[in-house]
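Student: This is the structure I have questions about; it appears just below.
The values are calculated or read from the model by the stated rules, or taken from the named source; none is laboratory data. Quantities reported herein were computed from a predicted structural model and do not represent experimental measurements. Cβ placement follows ideal geometry from the backbone for every residue including glycine, while neighbour counts extend to all protein chains displayed. To get the accessible areas, we keep the full protein, side chains included, count just its heavy atoms, and leave off ligands, DNA and RNA. Shrake-Rupley method; radii C 1.70, N 1.55, O 1.52, S 1.80 Å.
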Amino acid sequence: MLVKTFSAAVTGLEATVVTVEVSISRGVQFHLTGLADTAVRESRDRIVAAMQNNGYKFPLADITVNMAPADIRKEGSGYDLPLAVAILAADSKIESGMLGDYIMIGELGLDGRLLPVRGALPIAIKARAEHFKGLIVPRQNIREAAVVNNISVYGMDSLADVIRFFNGDTSFQPTVIDTRREFYEQQTHFDFDFADVRGQESVKRALEVAAAGGHNLIMIGPPGSGKSMMAKRLPSILPPLSLAESLETTQIHSVAGKLSRDTSLITQRPFRSPHHTISQVALTGGGLNPQPGEISLAHNGVLFADELPEFSRSVLEVMRQPLEDRKITIARAKYTIEYPCSFMFVASMNPCPCGYYGDPTHRCVCTPGQIQRYMNKISGPMLDRIDIQVEITPVPFNEISKAAPGEPSEAIRSRVIGARHRQEERFKDFKGVHCNAQMTERMIHRYAEPDAEGITLLRTAMERLSLSARAYNRILKVARTIADIEGTENVLSHHLAEAIGYRNLDRGDWAERAL
């Protein structure tokens, strides 16, 4: 008897429907075809135990299994459920009439329990696109899959539940989630708030400008000056995710297996802070079984690199292309996958190896050569992609104890949202451009060209401060953002003056002052 069930293979962020064909005839062998990996080939042993522990015998027959299309590699344990159901149906233990209406995914425990798998959300999206009636997933995956509307999603606890579902022995209800209600209810709660930050007004202003324009930022200062503390509060002032951005971000985390059991949609912008010992593959993605890397997990959010010079230089340099293109293409001998990675890059670093150069309360013990080598760990092309560079000095204890609570994130966020709305209106005719940081050179000349007074100021600054030519476009982008925060149509000289002040590492005298 020949029976077909349906599952799906996830490649990158896209799912492909996989047809599981099972044919039973006289004999005693088990054949599995269709480019299956080790985890899929081992599924027979799990299925045999799961059937026995649920009161069913594995058929003593010649069983041939084909997983089509055969040219797509089948990886992971998510095919256990459709394989087991197809074998039971071919052995006349399950009614086969409804099998063609559902996609099934799930790993089987030896006791028949359904265990969670990765990629339930993109599979649910594919099931709806292919007009399947429903999707059957493990109970732990139900919330992420049920955010897709216009398709019935059933969360099952065990193989026995699935058998009863297809045989009509028990009535099961699909899970329904009010996606929009949950999405908007959870957008305004943050664990960190800028109200906790006392002092450091200039740095908070730089972070506001960075958030308003989507600019990359680096903070340079001694230990204890508040670099990490302020970076962690950056998501609280970023504009809220749109529903489309939330769905895209959730897909990435679903494929990576990073969603918790109670999560349906990611409603806040991601904040990823990888350790400086991270490898290139862990950062960019890939591997034997391709997975998104940290830069893709930070998509639509923030990637924070604490102690930037401690990262391997090769790891830092591999980020140069994703920072420009906002996507990463991973090409290997057996596959080519593209992941989105549009994120704000925020970094922090000490000014020298001991960390205390420029600190009024500590004496720096580094030699000039050590300081120079430390600063040279970050290449010019990498700095070229960082729009805002600010120095931080520690706030003295007397000022910390006397200072009033800082401005809350909610107030800062309202200004950021206002600036982003102006940018979205300005760039509505340009596909893929949503903020000032994404402007091309032609767009800079169109929307951020200063007046004669501004040109004079910019020329003077570049000559006196020895600013490089690469700083020119960055300054104009940042100045455009500052003007948007103020609600000004044109870029004025005081906008340029503030933007020039955010190019500390581009100054020709910076290294000399450090020496």
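Student: I'm told Asp429 meets every condition in (1) closer than 30 Å to Glu245 by Cβ; (2) assigned to a loop (DSSP other than H, G, I, E, B); (3) open to solvent by less than 60 Å² (accessible area, probe 1.4 Å) except one. Can you identify the failing condition by its number?
Tutor: All conditions are met except number (3).
Student: Residues being assigned to a helix (DSSP H, G or I) and over 26 Å from the mean Cα position of the chain (by Cα): count how many of those fall in the stretch 197-214.
Tutor: Number of matching residues: 2.
Student: A further question on this structure: Restrict the check to the stretch 318-333 and report whether at least one residue is surrounded by fewer than 17 Cβ atoms within 10 Å (Cβ to Cβ) and under 30 Å from Gly224 (Cα atoms).
Tutor: yes
Student: Another question about this same structure. Consider Pro82 carefully, then state whether it is crowded, with 19+ Cβ neighbours inside 10 Å, farther than 20 Å from Leu35 by Cβ and either at pLDDT 95 or above or in contact with a helix residue (DSSP H, G or I) (Cβ under 7 Å, 6 or more places away or on another chain) (or both).
Tutor: Spelling it out, it is not the case that Pro82 is crowded, with 19+ Cβ neighbours inside 10 Å, farther than 20 Å from Leu35 by Cβ and either at pLDDT 95 or above or in contact with a helix residue (DSSP H, G or I) (Cβ under 7 Å, 6 or more places away or on another chain) (or both).
Student: Listed residues Leu265, Leu247, Leu241, Leu288; which is open to solvent by 30 Å² or more (accessible area, probe 1.4 Å), of a type outside the set (Phe, Trp, Tyr) and not in a helix (DSSP H, G or I)?
Tutor: Answer to the check: Leu288.
Student: Going residue by residue through the stretch 472-493, is there one that turns out to be open to solvent by less than 30 Å² (accessible area, probe 1.4 Å), closer than 23 Å to Pro239 by Cα, of a type in the set (S, T, N, Q) and at pLDDT below 95?
Tutor: no
Student: Moving on. Run down Thr277, Thr175 and say which single residue is in contact with a helix residue (DSSP H, G or I) (Cβ under 8 Å, 6 or more places away or on another chain), open to solvent by 30 Å² or more (accessible area, probe 1.4 Å), without any contact (Cβ under 8 Å) to a residue 60 or more places away in the chain and outside any helix (DSSP H, G or I).
Tutor: Result of the check over Thr277, Thr175: Thr175.
Student: State which residue is nearest to the chain's Cα centre (by Cα) when the search covers only the stretch 320-339 and only residues that are over 30 Å from Asp71 (Cβ atoms) and assigned to a helix (DSSP H, G or I).
Tutor: Filtering the stretch 320-339 for residues that are over 30 Å from Asp71 (Cβ atoms) and assigned to a helix (DSSP H, G or I), the one nearest to the chain's Cα centre (by Cα) comes out as Leu323.
Student: Something else: Restricting attention to the stretch 416-426, which residues are within 21 Å of Leu234 (Cα to Cα) and open to solvent by less than 80 Å² (accessible area, probe 1.4 Å)?
Tutor: Selection gives Val416, Ile417, Gly418, Ala419, Arg420, Gln423.
Student: Tally up the residues in the stretch 367-379 that are free of Cβ contacts under 8 Å to residues at least 60 places away in the same chain and assigned to a helix (DSSP H, G or I), please.
Tutor: Summing the residues that are free of Cβ contacts under 8 Å to residues at least 60 places away in the same chain and assigned to a helix (DSSP H, G or I) in the stretch 367-379 gives 3.
Student: Is one or more of the residues making up the stretch 100-108 of a type outside the set (Lys, Arg) and assigned to a helix (DSSP H, G or I)?
Tutor: yes
Student: Hey, among the residues in the stretch 1-40 that are in a helix (DSSP H, G or I) and either in contact with a Leu (Cβ under 6 Å, 6 or more places away or on another chain) or in contact (Cβ under 8 Å) with a residue 24 or more places away in the chain (or both), which one's surrounded by the most Cβ atoms within 10 Å (Cβ to Cβ)?
Tutor: Filtering the stretch 1-40 for residues that are in a helix (DSSP H, G or I) and either in contact with a Leu (Cβ under 6 Å, 6 or more places away or on another chain) or in contact (Cβ under 8 Å) with a residue 24 or more places away in the chain (or both), the one surrounded by the most Cβ atoms within 10 Å (Cβ to Cβ) comes out as Val40.
Student: What residue, among those in the stretch 440-471 that are among the aliphatic types (A, V, I, L, M) and exposed (fewer than 12 other Cβ atoms within 10 Å of the Cβ), is farthest from Ile500 (Cα to Cα)?
Tutor: Ala452
Student: Report whether or not Thr64 is β-branched (Val, Ile, Thr), open to solvent by less than 50 Å² (accessible area, probe 1.4 Å) and either in a loop (DSSP other than H, G, I, E, B) or farther than 30 Å from Gly285 by Cα (or both).
Tutor: No.
Student: Looking only at the stretch 401-414, count every residue that is assigned to a helix (DSSP H, G or I), at pLDDT 90 or above and open to solvent by less than 80 Å² (accessible area, probe 1.4 Å) and tell me the total.
Tutor: Total satisfying the criteria: 5.
Student: Sticking with this one: Quick check on my filter: what residues within the stretch 135-150 are surrounded by fewer than 20 Cβ atoms within 10 Å (Cβ to Cβ) and touching a residue at least 24 places away in the same chain (Cβ under 8 Å)?
Tutor: Across the stretch 135-150, the qualifying residues are Arg139, Gln140, Asn149.
Student: Name the residue that is modelled with the lowest pLDDT, counting only residues in the stretch 291-307 that are assigned to a strand (DSSP E or B) and closer than 14 Å to Arg118 by Cβ.
Tutor: For the stretch 291-307, the residue satisfying everything is Gln291.
Student: Let me ask you something else. (1) buried (at least 21 other Cβ atoms within 10 Å of the Cβ); (2) assigned to a helix (DSSP H, G or I); (3) of a type in the set (Lys, Arg): which one isn't true of Arg128, the others all being true?
Tutor: (1)
Student: Just for the stretch 201-238: of the residues that are farther than 13 Å from Leu308 by Cα and polar (S, T, N, Q), which one is surrounded by the fewest Cβ atoms within 10 Å (Cβ to Cβ)?
Tutor: Result: Ser202.
Student: Moving on to the next point. Taking the condition more than 16 Å from Arg261 (Cβ to Cβ) and assigned to a helix (DSSP H, G or I), does Val85 pass?
Tutor: It is true that Val85 is more than 16 Å from Arg261 (Cβ to Cβ) and assigned to a helix (DSSP H, G or I).
Student: If you check Ser342, Ser348, which single one turns out to be open to solvent by less than 40 Å² (accessible area, probe 1.4 Å) and assigned to a loop (DSSP other than H, G, I, E, B)?
Tutor: Within the list Ser342, Ser348, the selection yields Ser342.
Student: Same structure, new question: Has the stretch 19-34 got any residue that is over 15 Å from Ala90 (Cα atoms) and in contact with a Phe, Trp or Tyr (Cβ under 9 Å, 6 or more places away or on another chain)?
Tutor: No - not one qualifying residue is present in the stretch 19-34.
Student: Can you report the number of residues in the stretch 123-175 which are over 33 Å from the mean Cα position of the chain (by Cα) and hydroxyl-bearing (Ser, Thr, Tyr)?
Tutor: 2
Student: Between a first residue in the stretch 310-335 that is among the small types (Gly, Ala, Ser) and a second residue that is part of a loop (DSSP other than H, G, I, E, B), which pairs have beta carbons less than 9 Å apart while being 6 or more apart in sequence or on different chains?
Tutor: If the second residue must be part of a loop (DSSP other than H, G, I, E, B), the pairs left are Ser312/His276; Ser312/Thr277; Ser312/Ile278; Ser312/Ser279.
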